[in-house]
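Working notes, structure below.
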Amino acid sequence: MNENQESSETNFSCNRRKFAQLTLAALPAVNLFTVMSRLAAAEAPATAAGKPNSKVTGVQLGLNVPYSFGNLQMSGDEILKNCLQLNCSAVELRTQPVESFLGAPANLLFPKKGASADDQKAAAEKLREWRRSATVARAGDFRKTYETAGVLIEIVKVDNIFKMSDEELNFTFDLAKTLGARALSTEISNKEDDLKRLGEFADKHQFMVGYHGHTATGPEQWEKAFSLGKYNGANVDIGHFIAGFNTSPLPFIEKYHERITHVHLKDRKFHNGENTPFGEGDTPIVDVLHAIRDNKWKIQGTIEFEYKVPAGSDRMTEIRRALDYCRKALA
């Protein structure tokens, strides 16, 4: 029996959490932002404030969203609903759901795959024009909805940031600050001029930028970025670090903890090994979490879900398992 069938039954009893799940499932056409504040207490596991809580022994656990949910075109409504179901109280959020909320056309935020270079350039110019007229202050409403429900937007992830005009960069920093974030994140560039330019904007706004790296990104690249701007930082993906360098990222994290905005939590094996369920690879997730906890570093432990969903399971179940693994490690 599915949820809609269950909701049509007249004689049943359910707890508050089940009621919230049923209500959300029955209202797909309703703007979740108009009802979330009333459902948050029912949806979230019990805490003193009736809200989600993924801060464990001082360490803020979070999710990279909507990436971890496997759909970059998810709305802010859908993302928030999933976070509440997972009892997750902090996120690294991409800009697209926010800009969509502000009215950006979907075809500009999500160009068609296979679009020609000319079409991509034209879409980027139209998006640039849209940003010139967008009202950043309205992002405060987006923030209020999330914070009322108990979810903090701590990090704002930005795609294609090095292609942005100066005006767009100022817009992006202002957007992140309006959302209540403490840092931007973006993929690291191998061009020194890119890192220097973005670092200058970060310094001007006094706002951290955490550069994310993959298996080829090591200490030297981040140290170069650090040298080019006071607010240039690192988003250390500890799974990619293990797979690419076959050694623990912890010494680097210990040395530069003040420049690290957040760590991506995933489990991978040595020698460019595959992603695995948490606890089955070679990544020292527990050691890194303990270091953040014991040293009281202000570093979010951000789950970036990437391993293949096992047969018989689903993505939400596996993300919950990853969160539970981290909770138990910190308990």
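Summary of computed values
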| item | result |
| --- | --- |
| Rounded if a/c under 1.5, otherwise prolate or oblate - the chain, Cα gyration tensor axes | oblate |
| Peptides ranked, highest mean first, by Cβ atoms within 10 Å: ranges 213-220, 299-306 | 299-306, 213-220 |
| Two-site FRET efficiency, Lys55 against Ser133, from Cβ-Cβ distance with R₀ of 41 Å, rounded to 0.05 | 0.60 |
| Computed lengthening from Asn190 to Gln120, 0.36 nm per intervening residue step minus Cα-Cα distance | 23.0 nm |
| Sequence-distant residues sharing a close amide H with Asn275 (under 5 Å, placed H) | none |
| Cα centroid of the stretch 117-135 to Cα centroid of the stretch 144-167, whole Å | 18 Å |
| Global form of the stretch 122-219, assessed from the alpha-carbon gyration tensor, a/c cut-off 1.5 | oblate |
| Computed [θ] at 222 nm, deg cm²/dmol, the chain (DSSP H ≥ 4; -39,500 (n - 2.57); rounded to nearest 500) | -13500 deg cm²/dmol |
| Amide proton proximity set for Lys157, modelled H, under 5 Å, gap of 5+ | Leu93, Arg94, Thr95, Ser185 |
| Fluctuation leader among Ala234, Ala202, Ala124 - the chain, Gaussian network, Cα springs under 10 angstrom | Ala124 |
| Most mobile listed residue (Lys126, Lys51, Lys266) in the chain, GNM with C-alpha springs under 10 Å | Lys126 |
| GNM flexibility winner over the chain from Leu80, Leu228, Leu265 (Cα, springs under 10 Å) | Leu228 |
| Centre separation in Å (Cα based) which lies between the stretch 235-310 and the stretch 315-331 | 14 Å |
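Taken together, the values in this text are just the output of simple stated rules run on the coordinates, not laboratory data. Keep in mind the model is a prediction, meaning the values are calculated, not measured. Neighbour counts run over all protein chains shown; Cβ positions are idealised from the backbone, glycine included.
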